[in-house]
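*Asks:* Pasting a structure here, questions to come.
Every number here is computed from the coordinates shown, using simple stated rules; none is lab data. Values in this document were obtained by computation on a predicted structure and should not be read as measured data. Reconstructed Cβ throughout: ideal geometry from the backbone, glycine too, with neighbour counts over all protein chains shown.
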């Protein structure tokens, strides 16, 4: 065989393959098949938040026996390693090559924000099981999440302090990093909208062990309470130094740090009477059932965000069921998700607002004494 | 409010001084930046926690063992790591990088052994401090201020009066000449690490009681201690103590007038001013600026 002939045959074979791929490989999803892509950090440092949602999804897929109505469900996992660049290539692959109908992910807020414009342009709905950055609220029409935005906590807390407790003048002390500043802003905005007054705002750097002067500056103001946004280690320092300085103002912690048993042990009596806010624990028969099934499958209790992965998957399946006759499945799933109200998920009751943010009940708790806590209100 | 501000500044300054004095002692003798001094403090604080809270030893014994442990740890760092590098004629930059590596190594070790949670030694109960000339201060905070001042005096006499202290100054001044008159520089380096690290042990006990324990506490303490030492005049132990108090005052009085977010900015602005206009520090006068 001459060399020219070899080349010609080669070209013909390649052309045939390309043609075959074009004919059979592309075109909207094959009849009777639904594809769901999952983007999560499955390896690397953030995998502790990425693997649990994957497990939740695996369990949910098993429970529907890989089928919805008469269609087969296929789940495609992509590892983002919590890296926005890797997330972008992974989402391109899911959308352009796998042609998924919906995506669950990403886990890290930075990745979710990086891929949001792509899913928006390709009109593929996305549900994040774990990203809490307030910026995601405005990331696009097709972007949903089943964890509440960090902003929600501040808004609910402002509402509680202004309307339920009836305080009008407060000071804020917050940890000066992205999360802390975001939490502070959401509280401040809502509290002022409701007619309250923020008299003083003080901050401290992450890793600080001395807030005495900040507390003194606040103490000198005419205020009724201090609202604190902090991390576990500095929560202890704030409680200790407030006690030592004889600060008698009520302290409201806008953080789940006080739920940490180490913090309560370290703070001891200085934590008595403190009020704090966090996401309410989901409860009920469905939650128990999920936990039992999860333990049976994986031989351990579900970790943080496993329930969120489970719920995100089931919400997409629920939407697909409603979209039977639709030709444009992706857009229909998006529209259906916006109509979800009071869905009893295993991660809590889920209602999406107009921005695709979930509204989940928050719990306001008080530390009575010796680390004992009491739920004051679910809001 | 002025008395309270004064007291807050003194407490902060005393803590910085506890860190800076040991660090400065090692620097002045060995002439390289031993950042792992922060690791000595952090590791010793966890050692105290281990003895007192985990093993249930009496507090007095735990304190003594902690100081011995700190000395030993510092001495070992010098013996096992720095000495070997000096023998290979490693430059100051190599030693500096090594000290960073040691700091990170020990912080990771703490993380592995004790976990990332906050630990409290729990010897002093949290209670309202008592009023003292219009300011509120706790007994522990008085001890911290007192210890840092006593240390300053003791170190001064140690350097001026004792044989080892004099030898340290001789080596610091001119290593070659000191060796000619029969002082072993390597021996003196060891002593500098033993004494400097013992001070780190004292710092570990007091800071651990006042601020609780965290794996990264060494780095945070070192940043402020180092700044204090530079402001006071690196290489001068009394200067380091003075600089640390100045830093404490500047930070606390600064954020009384400025938003509190500027606390670290104030600290580093002072550092820059000193580096630019008075790089020999407060007590740098009359010293030969080699």
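*Asks:* To the nearest 0.05, how large is the calculated FRET efficiency for residue A:5 and residue A:72 if R₀ is 45 Å and r is the Cβ-Cβ distance?
*Replies:* 0.55
*Asks:* For helix A:109-122, what angle does its Cα long axis make with the longest principal axis of chain A, in degrees from 0 to 90 and rounded to 10?
*Replies:* So the helix axis and the longest Cα principal axis differ by about 40 degrees.
*Asks:* Using alpha carbon centroids, what distance separates region A:274-319 and region B:1-69, in Å?
*Replies:* 45 Å
*Asks:* May I pose another question? For the ranges A:280-291, B:224-235, what's the packing order if you count other beta-carbon atoms within 10 Å of each residue, average per peptide, and put the highest first?
*Replies:* Top to bottom by mean Cβ count within 10 Å: B:224-235, A:280-291.
*Asks:* Can I ask one more? Quick one: if you stick a label point 7 Å off each Cα along the C-beta vector at residue A:178 and residue A:110, how many nm between them?
*Replies:* 0.7 nm
*Asks:* In degrees from 0 to 90, rounded to the nearest 10, what is the angle of the helix A:232-244 Cα long axis to the longest principal axis of chain A?
*Replies:* Taking the Cα atoms of chain A, the angle to A:232-244 is about 10 degrees.
*Asks:* Give the peptides B:44-50, A:90-96 in descending order of average Cβ contacts within 10 Å, highest first.
*Replies:* Top of the packing list down: B:44-50, A:90-96.
*Asks:* At a threshold of 8 angstrom on Cα-Cα distance, excluding pairs fewer than six apart, so keeping six or more, what relative contact order does chain B reach in percent?
*Replies:* 37 percent
*Asks:* Express in nm, to one decimal, how much length is gained between residue A:199 and residue A:64 on full extension, taking 0.36 nm for each residue of separation and deducting their alpha carbon distance.
*Replies:* 43.2 nm
*Asks:* To the nearest whole number, what is the average tally of beta carbon atoms from other chains within 10 Å of the beta carbons of peptide A:191-203?
*Replies:* Per residue, the number of nearby Cβ atoms from other chains is 1 on average.
*Asks:* Then there is this: If you average the alpha carbon positions of region B:156-220 and of region A:158-173, how far apart do those two centres end up, in angstrom?
*Replies:* 52 Å
*Asks:* Let me ask something else. Other chains near A:244-250: what is the mean number of their Cβ atoms within 10 Å of each residue's Cβ?
*Replies:* Mean shielding by partner chains, rounded to a whole number: 4.
*Asks:* How crowded by other chains is B:114-121, given as the mean number of beta carbons from other chains within 10 Å of each beta carbon?
*Replies:* Counting other chains' Cβ atoms within 10 Å and averaging over B:114-121 gives 5.
*Asks:* With an 8 Å cut-off on Cα pairs and a minimum separation of 6 or more residues, tell me the relative contact order of chain A in percent.
*Replies:* Normalised by residue count, the contact order of chain A is 16 percent.
*Asks:* Once a ≥ b ≥ c are taken as the square roots of the eigenvalues of the Cα gyration tensor of region B:53-141, is the result rounded (a/c under 1.5), prolate (a/b larger than b/c) or oblate (a/b not larger than b/c)?
*Replies:* prolate
*Asks:* Another one. When ranked by the protection proxy of mean other Cβ atoms within 10 Å per residue, highest first, what sequence do the peptides A:133-139, A:366-372, B:191-197 form?
*Replies:* B:191-197, A:133-139, A:366-372
*Asks:* Rounded if a/c is under 1.5, else prolate if a/b is larger than b/c, else oblate: which is chain A, with a ≥ b ≥ c the root eigenvalues of its Cα gyration tensor?
*Replies:* Because a/c hits 1.5 or more and a/b exceeds b/c, chain A counts as prolate.
*Asks:* While we're here: Given contacts defined as C-alpha pairs under 8 Å and at least six residues apart, what's the relative contact order of region B:203-290, whole-number percent?
*Replies:* Once normalised by length, the contact order is 29 percent.
*Asks:* With springs connecting C-alpha atoms under 10 Å apart, model chain B as a Gaussian network and identify which of B:107, B:251, B:176 has the largest mean-square fluctuation.
*Replies:* B:176
*Asks:* For chain B, just say rounded, prolate or oblate: build the C-alpha gyration tensor, square-root its eigenvalues into a ≥ b ≥ c, call rounded for a/c under 1.5, and beyond that prolate if a/b exceeds b/c, oblate if not.
*Replies:* oblate
*Asks:* To test your reading of the geometry: what angle, between 0 and 90 degrees and rounded to tens, separates the Cα axis of helix A:329-338 from the longest principal axis of chain A?
*Replies:* For A:329-338 against chain A, the angle is about 20 degrees.
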